[in-house]
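Reviewing the structure listed below.
The values are calculated or read from the model by the stated rules, or taken from the named source; none is laboratory data. Being a predicted model, the structure only gives us computed values, none of them experimental. Note that we place each Cβ from the backbone using ideal geometry, even for glycine, and neighbour counts take in every protein chain shown. Ligands, DNA and RNA are stripped out before the accessible areas are found, and what is left, the full protein with its side chains, is counted by its heavy atoms. Shrake-Rupley method; radii C 1.70, N 1.55, O 1.52, S 1.80 Å.
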Amino acid sequence: MNILILPDAAAVAARAAGIVARTLQAKPDAVLGLATGGTMQPVYAELVRRHRSGDLSFARAASFNLDEYVGLSRDHPGSYHRAMETALFAQTDFRPHATHLPRGDAPDPMAEAVAYETRITAAGGIDLQLMGIGINGHIGFNEPGSALTSQSRVVPLAPETRAANRRYFDRDADVPTQAITMGIATILSARACLLLATGAAKAQAVATMAMGEIGPACPASALRLHGDGTVLLDPAAAALLDPAIVATMDAAHG
Ligand code: PGA
């Protein structure tokens, strides 16, 4: 796992967008693994900017998002379908049928999760998986306790995750209690993984991911088992890391 500390959150987003752009330059039909959440918003804004300036095309790419809430239709304002449409898909040249999220309102969510895993495999697997990290160390919606061998499935959301996402819903009771998420093994099967964390609220989760035991207590720790994992941090998210394990690089390089 390569950890880079960049000067601020904007630099984290710019570096992440640059890695996505390089992936698409090398392989225009790459399969991107995408994520929702506040950390990703500036990354998508930068990808949209690059697309508008003519530097970047998604016309041959495909995408699979990490997760979606169970019970929400694609048009629900709190759904991840809607969030991705607004932040990225509708503003770029992604083909509508090339972007995938689990269907939150599928009649049989378990069957939908299994089918989602099959769709990822049928697309040839994911070339680059983007992700954030929860304050409890989750990746996707793999909450603490998730098996490192887990595949796409229906999961309950932890109370801290529901509290963190409360801001996207009108009322407490509207916050979903379950999601369909790629599993930890699904995420690790991506050819490259890119985790972003910004802000002091993530500092403890980042330190546990990088320096704690590798195991279900901190799902993000599984990234240390990946041969091509990169972590981009701002100084606040990196504050509790032991400097000895950090390979700092000048933002001008790479
Ligand atoms: P955030 O979510 O970017 O909104 O903090 C990250 C996550 O929960 O994985």
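When nucleic acids and ligands are ignored and a 1.4 Å probe is applied, Arg167 ends up with an accessible area of around 150 Å². Using a probe of 1.4 angstrom and keeping all protein chains present, the accessible surface of the chain works out to 42 square angstrom per residue. Along each principal axis, taking the top coordinate minus the bottom one, the Cα set of the stretch 85-150 gives 38, 28, 25 Å in descending order.
Projecting the Cα positions of Val231, Ala210, Ala179 onto the charge dipole of the chain (unit charges on Cβ atoms of Lys, Arg, Asp and Glu, taken about the Cα centre) puts Val231 furthest along the positive direction. Summary of packing: across the peptides 93-106, 50-63, 197-210, the per-residue average of other C-beta atoms within 10 Å ranks them, highest first, as 197-210, 93-106, 50-63. Relative contact order of the stretch 1-140: 28 percent, from C-alpha pairs under 8 Å at least 6 residues apart in sequence. Per-residue Karplus couplings for the stretch 229-240, computed as 6.51 cos²θ - 1.76 cosθ + 1.60 with θ equal to phi - 60°, are listed in order as x, 10, 10, 10, 10, 8, x, 5, 6, 8, 4, 9 Hz, Gly and Pro entered as x.
Helices of the chain meeting both criteria, an alpha-carbon length of 24 angstrom or more along the long axis and an average Kyte-Doolittle score not below 0.0, with helices taken as full DSSP H segments, are 9-26.
Measuring r between the beta carbons of Ser53 and Leu225 and using R0 = 41 Å, the FRET efficiency lands at 0.65.
Taking all protein chains together and a 1.4 Å probe, the residues Ile133, Ile245, Ile5 rank Ile245, Ile5, Ile133 from largest to smallest accessible area. For Thr99, the residues 5 or more places off, or on other chains, whose built amide H falls under 5 Å of its own are Ser63. Summing Lys, Arg as +1 and Asp, Glu as -1, what charge do residues with Cβ under 14 Å from the Cβ of Ala203 carry, Ala203 excluded? After counting each charged neighbour, the total is -1. Note on the chain: Kirkwood radius taken over Cα pairs, Stokes-Einstein applied at 20 °C and 1.002 mPa s, translational D equal to 118 µm² s⁻¹.
Beta-bridge orientation, the chain: approximately 30 percent antiparallel, per DSSP, counting only bridges with both partners inside.
Solvent-accessible area of the stretch 1-129 (1.4 angstrom probe, protein heavy atoms only): carbon and sulfur portion equals 55 percent.
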